[in-house]
Amino acid sequence: MLLFIFILSSCNRLKIDNINNNTSIETSIDELISYEKDSFIAPTSNNQNGIKITYNCNNGFIYESKTNEKNKIIKPITSPSKKASKFTNWYYDEKCSYPVDFNKEVSIPTTIYAGYETDFIELANMVSEDILYSSIQIISRYYNSSDTSFYESSGSGVIISVSDKYYCLTNNHVVYRPNEYRYNKYEIHDSFNNTYNADLLYYDVNYDLALLSFDHNGNYQELKPIYFSNSLPNINDLVISIGNPLKMMNVVTYGYYEGIKKYTANPDTVYKSNINFNVIHHSAMVKDGSSGGILLDSNLRLIGINFAAAVNSNNEYEYSYAIPYEKIIEFLNNYIKNVVR
């Protein structure tokens, strides 16, 4: 039997810094995350007693309707769209093997799935030309004023909002300050080799997430916030991971979505990563330094933040873990509730 060991893909608590509790600020979750608009028009039914039909567009959007007066599935007048892909048909199954017969009556609630042919070369080009501008590297330095020595670690992050400043997400364990150090500095590196000083705004060890901000420094138009997905992929759908393992910038790996599974925090690291909820399992490889990096669906929308990997007793990579987008939204809502007024 192989023994599986769960390791954080980058190591590094802190107190909340740079928060003026006497200042009244109003904000909402919509100011911190963005969703890309969908051009698909879901069918509407005049049959109030119709059977529920779910249209899974396989691109992060899911819609509901009902059957028509003859209890047949209504065929949409528009086709869903997906990055670097051509829509093929609607199917009864997630693997898109059995086309929907819109002339056939249904008797039970039914989900149908959009199928696509993907141009993977174009998809890779789109990642390189667009998504990489949402990816950042985070250098954490910890030191004591009494000496010149310092401890340094690196991790990954993603820009989620651009307003008065850039706002970015990473893992809590990426910005964790070891107890033997009194002070910390955070440095952001972007895809254009620009460097920024960042402030830690909020963290939560139980989500293993941290929110930072940094000034534009005249580069306002260069970096881009990531779009969030509205749903998780289907099992075995393509996923894309972007991070900075071993301090290498913007390493892109591809894998497959393996589902949501229970995760129990490693007892040795609960002081900086205490996740005890269901997380994403996927096969896009991550390594040390990938923590806080982007996990995308095949429509290039954020579905999670990578935080750990599993290796076997031979220290061989097995699979990766990511914090689902719903937990990220919970974390950001807690920030608004507990810090922002």
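No value in this document is a laboratory result; all are computed from the given coordinates. Since the model is a prediction, treat every value here as computed from it, not as a measurement. In this analysis, Cβ positions are derived from the backbone assuming ideal geometry, glycine residues included, and neighbour counts consider all displayed protein chains.
Overview of results
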{"read-out": "Dipole in debye (nearest 20) - the chain, about Cα centre, beta carbon charges: Lys, Arg +1; Asp, Glu -1", "value": "560"}
{"read-out": "In Hz, Karplus ³J(HN,Hα) per residue of the range 32-38 (6.51, -1.76, 1.60; θ = phi - 60°; x = Gly, Pro)", "value": "9, 10, 10, 10, 7, 5, 10"}
{"read-out": "The range 57-108: GluC sites (Glu not before Pro) falling in loop per DSSP and having at most 12 other Cβ within 10 Å", "value": "69"}
{"read-out": "Convex hull of Cα atoms in the range 217-283, direction-averaged projection (nm²)", "value": "7.3"}
{"read-out": "Which of 270, 286, 158 has the fewest Cβ neighbours within 10 Å, and the rest in rising order", "value": "270, 158, 286"}
{"read-out": "Residue order, fewest to most beta carbons within 10 Å, for 182, 141, 301, 177", "value": "182, 141, 177, 301"}
{"read-out": "Residue-averaged [θ]222 nm for the chain, counting only DSSP H segments that reach four residues, each worth -39500 (n - 2.57)", "value": "-2000 deg cm²/dmol"}
{"read-out": "Filter on 104/261; 75/262; 272/337; 82/104; 72/327; 83/337 - keep pairs with C-alpha separation over 29 Å", "value": "104/261; 75/262; 72/327; 83/337"}
{"read-out": "P(r), alpha carbons of the range 215-341 - 5 Å bins starting at zero, rounded %", "value": "2, 10, 18, 21, 21, 15, 8, 4, 1, 0"}
{"read-out": "Net +/- balance of residues flanking residue 113 in space, Cβ distance below 9 Å, scoring K and R +1, D and E -1", "value": "-1"}
{"read-out": "When the range 289-339 is reduced to its Cα atoms, the Kirkwood hydrodynamic radius in Å", "value": "12.5"}
{"read-out": "Globularity index of the chain, i.e. its alpha-carbon radius of gyration over 2.2 N^0.38 Å", "value": "1.08"}
{"read-out": "Cα shape, the range 153-283, gyration tensor, a/c 1.5 rule", "value": "oblate"}
{"read-out": "Sites matching chymotrypsin sites (Phe, Trp or Tyr not before Pro) across the range 153-222 that sit in DSSP coil, with at most 16 neighbouring C-beta atoms within 10 Å", "value": "181, 192, 220"}
{"read-out": "Residue-wise HN-Hα coupling along the range 94-99, computed from phi with Karplus coefficients 6.51, -1.76, 1.60 (Hz; x: Gly, Pro)", "value": "5, 7, 6, 9, 10, x"}
{"read-out": "Likely footprinting exposure, 227, 92, fewest C-beta neighbours within 10 Å first", "value": "92, 227"}
{"read-out": "For residue 74, residues with placed amide H under 5 Å, excluding near neighbours", "value": "68"}
